[in-house]
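Some notes on the structure that comes next.
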Amino acid sequence: MSDLSGQIAVVTGASRGIGRATAEILAAQGATVIGTATSEQGAEAISEYLGAGGKGLRLNVTEEGAIDAFIAQVQKEFGAIDILVNNAGITRDNLLMRMKDDEWNDVIDTNLTSVFKLCKAVMRGMMKKRKGRIVNIGSVVGTTGNPGQANYCAAKAGLIGFTKALAKEIASRGVTVNAVAPGFIDTDMTKALTEDQKEQIFATIPSARLGKPEEIAAAVSFLVSPGAAYVTGETIHVNGGMNMA
Amino acid sequence: MSTIEERVKKIIIEQLGVSEDEVKPEASFENDLGADSLDTVELVMALEEEFETEIPDEEAEKIRTVQAAIDYVNNHSAD
């Protein structure tokens with residue numbers, strides 16, 4: 001594990017699952033981690049598990065002006081941000097024929113538009129430092145598609161294109177932008193799947209099991225390490241072999 | 001206290017890594033001073049910070065030469 005002491009890392013959606021595992025591994029490597037949750041209660045729980053390793057803050061990425069205010073608060077309290085992990089995400093599954101505008105918009109706003117806003121907000125600081133790491137958490141379904149998730153798949157595929165474009169824009173400034181695309185990971189999000197859905201999914205995973213949040217966090221940890229300075233615009237697929245890009 | 005012209009030139013020298021004698025009033029950032037589009041954005045950001053102002057995009061696009069930068073700050077700066 002690399003040493004991240006002195007670095008300020010922001011991880012969105014850090015209450016549970018992949019976000020929490022990522023916040024924990026970055027803190028374990030010495031970074032000061034600011035984890036976000038949508039509720040005050042969630043933020044307190046993050047502060048609790050991070051202990052001296054950082055702090056939880058409330059952030060609803062879809063609230064007007066919330067992202068800019070959040071970034072300003074972090075910079076004031078902790079300093080310029082070195083690492084941004086865009087992990088916050090939601091699902092609103094429905095077959096397209098029945099999908100409502102709200103279900104589409106909620107998913108695009110939370111999973112994609114927030115990434116644009118957060119990246120833009122941290123950009124100035126990273127460009128000035130000539131150093132920075134952005135990791136966007138995508139999904140295998142952004143590449144493969146998945147029935148009932150046209151909104152989620154569109155957002156996650158969009159995230160990969162966004163990652164590549166931004167990576168090209170700012171590579172010359174020492175800032176890398178990458179994505180990690182998890183397969184089916186044992187989190188609250190996949191607990192919502194029915195037994196039938198799970199069985200079908202297992203049949204397509206060569207590793208024949210769900211992934212662990214820590215196995216995604218490990219890929220993030222590599223991408224933010226000094227050793228990954230030459231990796232940018234890349235998507236690392238962590239999915240037990242279910243899709244080999 | 002240095003003049004606005006001196007402060008603007010200093011920022012251009014720092015941001016674009018050019019020498020003082022290259023920073024002539026008519027010099028174009030992209031054509032003469034080797035700046036790319038990202039350099040120009042960073043230059044505008046640096047001017048905004050130095051002079052504590054916000055330069056709107058449509059104005060920023062017009063700041064393409066050393067003189068244009070000096071003029072902009074002269075016309076929009078409180079000091």
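The values are calculated or read from the model by the stated rules, or taken from the named source; none is laboratory data. Here the structure is a predicted model, which is why all the values come from computation and not from measurement. Don't worry about glycine lacking a Cβ; one is built from the backbone with ideal geometry, like all the others, and counts go over all protein chains shown.
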- Query: How about the stretch A:191-227: which of its residues are under 30 Å from A:ARG130 (Cβ atoms) and in contact (Cβ under 8 Å) with a residue 60 or more places away in the chain?
  - Reply: A:ILE216, A:ALA217, A:ALA218, A:VAL220, A:SER221, A:LEU223, A:VAL224, A:SER225, A:PRO226, A:GLY227
- Scanning the stretch A:111-123 residue by residue, those of a type in the set (Ser, Thr, Tyr) and surrounded by fewer than 22 Cβ atoms within 10 Å (Cβ to Cβ) turn out to be A:THR113
- Out of (1) at pLDDT below 95; (2) in contact with a Phe, Trp or Tyr (Cβ under 9 Å, 6 or more places away or on another chain), the one A:GLN200 does not meet is (2)
- Task: Filter the stretch A:206-234 down to residues that are of a type in the set (Val, Ile, Thr) and crowded, with 18+ Cβ neighbours inside 10 Å and give me whichever is farthest from A:GLY35 (Cα to Cα).
- Result: A:THR232
- Could you list all residues from the stretch B:35-79 that are closer than 17 Å to B:THR3 by Cβ, among the charged types (D, E, K, R) and assigned to a helix (DSSP H, G or I)? B:GLU50, B:ASP71
- Query: Quick one: how many residues across the stretch A:4-21 are closer than 20 Å to A:ASP188 by Cβ and either assigned to a helix (DSSP H, G or I) or of a type in the set (A, V, I, L, M, F, W, C) (or both)?
  - Reply: 7
- Message: If I ask for residues that are small (Gly, Ala, Ser) and either away from every other protein chain (no Cβ under 14 Å) or not in a helix (DSSP H, G or I) (or both), which ones from the stretch A:86-138 would you list?
- Response: A:ALA88, A:GLY89, A:SER114, A:GLY132, A:GLY138
- Task: Could you grab me the full set of residues in the stretch A:22-40 that are part of a helix (DSSP H, G or I) and touching a strand residue (DSSP E or B) at 6+ places or on another chain (Cβ under 9 Å)?
- Result: A:THR22, A:ALA23, A:GLU24, A:LEU26, A:ALA27, A:GLU40
- Tabulated pairs, the stretch A:63-79, first over 17 Å from A:LYS120 (Cβ atoms) and in contact (Cβ under 8 Å) with a residue 12 or more places away in the chain, second among the hydrophobic types (A, V, I, L, M, F, W, C) and surrounded by 13 or more Cβ atoms within 10 Å (Cβ to Cβ), C-beta under 7 angstrom, 6+ apart or interchain: A:PHE78/A:ILE8; A:PHE78/A:ILE34; A:GLY79/A:ILE8
- Query: Applying the selection to the stretch B:22-34, what residues are more than 14 Å from chain A (Cβ to nearest Cβ) and in a loop (DSSP other than H, G, I, E, B)?
  - Reply: B:VAL23, B:LYS24, B:PRO25, B:GLU26, B:ALA27, B:PHE29, B:GLU30, B:ASN31, B:ASP32, B:LEU33
- Residue, nearest to the other protein chains (Cβ to nearest Cβ), within the stretch B:40-68, restricted to residues that are farther than 29 Å from A:ALA167 by Cα and among the hydrophobic types (A, V, I, L, M, F, W, C): B:PHE51
- How many of the residues in the stretch A:142-175 are more than 14 Å from chain B (Cβ to nearest Cβ), crowded, with 22+ Cβ neighbours inside 10 Å and either among the charged types (D, E, K, R) or in contact with a helix residue (DSSP H, G or I) (Cβ under 8 Å, 6 or more places away or on another chain) (or both)? 7
- Item | Positions within the stretch A:96-117 being among the small types (Gly, Ala, Ser) and over 26 Å from A:ALA69 (Cα atoms), in sequence order | none
- Which is within 14 Å of chain A (Cβ to nearest Cβ), exposed (fewer than 13 other Cβ atoms within 10 Å of the Cβ) and either touching a His at 6+ places or on another chain (Cβ under 9 Å) or polar (S, T, N, Q) (or both), of B:SER37, B:SER19? B:SER37
